[in-house]
Amino acid sequence: MKNIVILISGNGSNMAAIVQTAHLEHWATQWDVHVAAVISNKTDAKGLDFARSHGIATEVVNHKAYANRENFDAAIVQHINKFEDANHPALVVLAGFMRILTPDFVNRYAGRLVNIHPSLLPAFPGLHTHQRALDAGCKVAGATVHLVTPEIDHGPILAQAIVPVLSDDTADTLAARVLTQEHLIYPRAIAKLLQIS
């Protein structure tokens, strides 16, 4: 069984899209792939309720309980380790996980740590991507699924979706349209990465 462990901080809408796609496309029975766990750094993350309602194991590792980023990441690793073994290392998926990970963590999961970013990378890494795209006068925006490397939002690109920027767009309206595309491309990119598409 190939396990997927998803890290979230909030609503987990991308996590939900992955779980729903895995169910609809029968990943478990057809390709032996299973969303095994959802881990959050926040106890009140709404995505945890969705995961529980779908029979997925959930864990909370509150970053505020740790003295530094290294200790927090080490705790996350311990939880991920519950869902993998030497023959079947887990794919670790960041789905709105709002913590910067240490290079040691990133290197540990090199090649199997995936993120989605709400811009057409390499444009606009970091925060406030939609407002920055509007401020720059971009005609298109979008989302990028990429492998995670120690340099934030600079890993190899796995998939992208383009969204037109409308003349009356605000950061919120643009974000909402980009999010609908995120929900489509993230499961596809994961499936391709796991060679099940």
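Give the residue that is modelled with the lowest pLDDT, with candidates limited to residues of segment 72-126 that are part of a loop (DSSP other than H, G, I, E, B) and β-branched (V, I, T).
Applying the first criterion (part of a loop (DSSP other than H, G, I, E, B)) to segment 72-126 yields 82-84, 86-87, 89-90, 95-102, 109-112, 118-126.
Checking which are β-branched (V, I, T) leaves us with 100, 102.
Numbers: I100: 93, T102: 97.
The residue in question is I100.
What pairs come out if I take residues in segment 151-162 that are in contact (Cβ under 8 Å) with a residue 12 or more places away in the chain and pair them with residues that are assigned to a loop (DSSP other than H, G, I, E, B) and among the β-branched types (V, I, T) whose C-beta lies under 8 Å away, six or more apart or interchain?
Pairs found: I152/I100; G155/V148; G155/T149.
Given the residues D169, D153, which is the only one that is on the phi > 0 side of the Ramachandran plot, acidic (D, E) and surrounded by 14 or more Cβ atoms within 10 Å (Cβ to Cβ)?
Values: D169 fails: on the phi > 0 side of the Ramachandran plot.
One residue alone meets the criteria, D153.
Output the qualifying pairs, or none if there are none: Cβ atoms under 9 angstrom, residues six or more apart or on different chains, first residue in segment 15-26 and closer than 13 Å to G47 by Cα and at pLDDT 95 or above, second residue in a helix (DSSP H, G or I) and among the small types (G, A, S).
Note: pairs meeting the criteria are M15/G47; M15/A51; A16/G47; A16/A51; V19/A51.
State whether the residues of segment 8-30 include one that is buried (at least 21 other Cβ atoms within 10 Å of the Cβ), assigned by TED's automatic domain parsing to the domain that holds N81 and either among the basic types (K, R) or closer than 15 Å to H79 by Cβ (or both).
Yes, segment 8-30 contains at least one residue that is buried (at least 21 other Cβ atoms within 10 Å of the Cβ), assigned by TED's automatic domain parsing to the domain that holds N81 and either among the basic types (K, R) or closer than 15 Å to H79 by Cβ (or both).
Counting just the residues of segment 127-150 that are free of Cβ contacts under 8 Å to residues at least 24 places away in the same chain and not in a helix (DSSP H, G or I), which one comes out nearest to N87 (Cα to Cα)? Don't jump to the end; show me each part of the working.
Keep residues of segment 127-150 that are free of Cβ contacts under 8 Å to residues at least 24 places away in the same chain, which gives 127, 129, 132, 135-137.
With not in a helix (DSSP H, G or I) added as a condition, the list becomes 127, 136-137.
Numbers: L127: 36, A136: 47, G137: 48 Å.
Among those that are free of Cβ contacts under 8 Å to residues at least 24 places away in the same chain and not in a helix (DSSP H, G or I), it is L127.
For a quick check of your reading of the model, give me the residue pairs whose first member lies in segment 81-109 and is in contact (Cβ under 8 Å) with a residue 40 or more places away in the chain and over 20 Å from G126 (Cβ atoms), whose second is of a type in the set (D, E, K, R) and part of a helix (DSSP H, G or I), with beta-carbon atoms closer than 7 Å and at least 6 apart or on different chains.
none
Check T58, T43, T29 and return the single one that is of a type in the set (S, T, Y), free of Cβ contacts under 8 Å to residues at least 24 places away in the same chain and assigned to a loop (DSSP other than H, G, I, E, B).
Numbers: T58 fails: assigned to a loop (DSSP other than H, G, I, E, B); T29 fails: assigned to a loop (DSSP other than H, G, I, E, B).
Result of the check over T58, T43, T29: T43.
Give segment 173-189 a look and list any residue that's within 17 Å of C138 (Cα to Cα) and free of Cβ contacts under 8 Å to residues at least 40 places away in the same chain, or say none. Reasoning before the result, please.
First pass over segment 173-189, keeping only residues within 17 Å of C138 (Cα to Cα): 173-178.
The answer is T173, A176, R177.
Restricting attention to segment 114-147, which residues are of a type in the set (A, V, I, L, M, F, W, C) and either touching a His at 6+ places or on another chain (Cβ under 9 Å) or buried (at least 24 other Cβ atoms within 10 Å of the Cβ) (or both)? Show your work before the answer.
The first filter runs over segment 114-147 and keeps only residues of a type in the set (A, V, I, L, M, F, W, C), leaving 114, 116, 120-121, 123-124, 127, 133-134, 136, 138, 140-141, 143, 145, 147.
Of everything in segment 114-147, those that are of a type in the set (A, V, I, L, M, F, W, C) and either touching a His at 6+ places or on another chain (Cβ under 9 Å) or buried (at least 24 other Cβ atoms within 10 Å of the Cβ) (or both) turn out to be V114, I116, L121, F124, A133, A141, A143, V145.
The values are calculated or read from the model by the stated rules, or taken from the named source; none is laboratory data. It should be emphasised that the depicted structure is a prediction, and the values quoted were computed from it without experimental measurement. Because the Cβ atoms are built from the backbone with ideal geometry, glycine has one as well, and the counts that use them run over all protein chains shown.
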